[in-house]
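Structure record follows, encoded as structure tokens.
The values are calculated or read from the model by the stated rules, or taken from the named source; none is laboratory data. Fair warning: this is a prediction, and the values are worked out from it, not measured in the lab. Cβ: placed from backbone, ideal geometry, glycine included. Neighbour counts: every protein chain shown. Surface accessibility is based on the protein's heavy atoms, side chains included, excluding ligands, DNA and RNA. Shrake-Rupley method; radii C 1.70, N 1.55, O 1.52, S 1.80 Å.
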Amino acid sequence: NAANESLLGGSGVDGAIHRAAGPMLLEECKLLNGCQTGQAKITKGYDLKAKYVIHTVGPIVAYSLTQKDCDALKSCYLSCLKLAESYHLESIAFCCISTGEFHFPPYEAAQIAIQTVKEYKEETKSKVKVIFNVFKDSDKNIYEELLRTA
């Protein structure tokens, strides 16, 4: 879940996940005391088919993309992957973190996502299946292009 720092729901993917999971997700998120940019926290999935929701807070790109933004986005993916491993999850699905209301350029975000996952899996020998779940056709095209050459 690409969330804001409060973890209390919002618009986009975050709002959709909260609506689909039901009110108990919000109640559990209230107990987490938010989450810092680049970090991740986990909750139950409640009414979702998924057993868990991993919430991460991506960077907000203010004017132009900075190295700090890129490092924070990479940290989001790493934090989520580490949580998935620690909970012995079989798979994890990532949305396009920070590319909506947080204005991270989609192509650069996809590059970071794919490279971070690739490096993590190579370094840790992780068996967690990673799914890049996109909403827009333009994002699908970006991921397909980048994954062909990864």
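In the chain, carbon and sulfur make up what percent of the accessible area (probe 1.4 Å)?
54
What ranking, highest mean first, results for peptides 61-71, 7-17 when packing means the other Cβ atoms within 10 Å averaged over each residue?
Answer by packing, highest mean first, reads 7-17, 61-71.
For segment 9-60 and segment 123-150, what is the separation of their C-alpha centers, rounded to whole Å?
22
Nearest 500 deg cm²/dmol is fine: what mean residue ellipticity at 222 nm does the chain get from its DSSP H runs of n ≥ 4 alone, each adding -39,500 (n - 2.57), divided by its residue count?
Computed ellipticity for the chain at 222 nm equals -15000 deg cm²/dmol.
Using amide H atoms built 1.01 Å from N in the peptide plane, name the residues 5+ places from Phe94, or on other chains, whose amide H lies under 5 Å from its own.
Ile131, Phe132, Asn133
Work out Dmax and Rg for the chain from the C-alpha atoms and quote the Rg first, both in angstrom.
Over the chain's Cα set, Rg and Dmax evaluate to 14.6, 42 Å.
Could you do me a favour and compute the accessible area per residue for the chain, 1.4 Å probe, result in Å²?
Ligands and nucleic acids excluded, the figure is 58 Å² per residue.
Residue by residue through segment 47-57, which ³J(HN,Hα) values in whole Hz follow from phi under the Karplus form 6.51 cos²θ - 1.76 cosθ + 1.60 (θ = phi - 60°), with glycine and proline marked x?
Whole-Hz 3J(HN,Hα) from phi for segment 47-57: 7, 7, 5, 6, 5, 9, 10, 9, 9, 9, 10.
How much length is gained on full extension from Lys118 to Glu85, taking 0.36 nm per residue of separation minus their Cα-Cα distance?
In short, 10.4 nm is gained.
Enumerate the amide H contacts of Phe104 below 5 Å, restricted to partners 5 or more residues apart or on another chain; note that Pro and chain-start residues carry no placed amide H.
Counting only residues 5 or more places away or on other chains, the set is Val61, Thr99.
Apply the Karplus parameterisation 6.51 cos²θ - 1.76 cosθ + 1.60, with θ equal to phi minus 60°, to every residue of segment 124-129 and state each ³J(HN,Hα) to the nearest whole Hz, in sequence, with x for glycine and proline.
So the J values, rounded to whole Hz, are 9, 6, 4, 9, 5, 6.
Using the basic label-point model (7 angstrom from Cα toward the beta carbon), what is the Ser6 to His103 distance in nanometres?
Once both label points are built, they end up 2.1 nm from each other.
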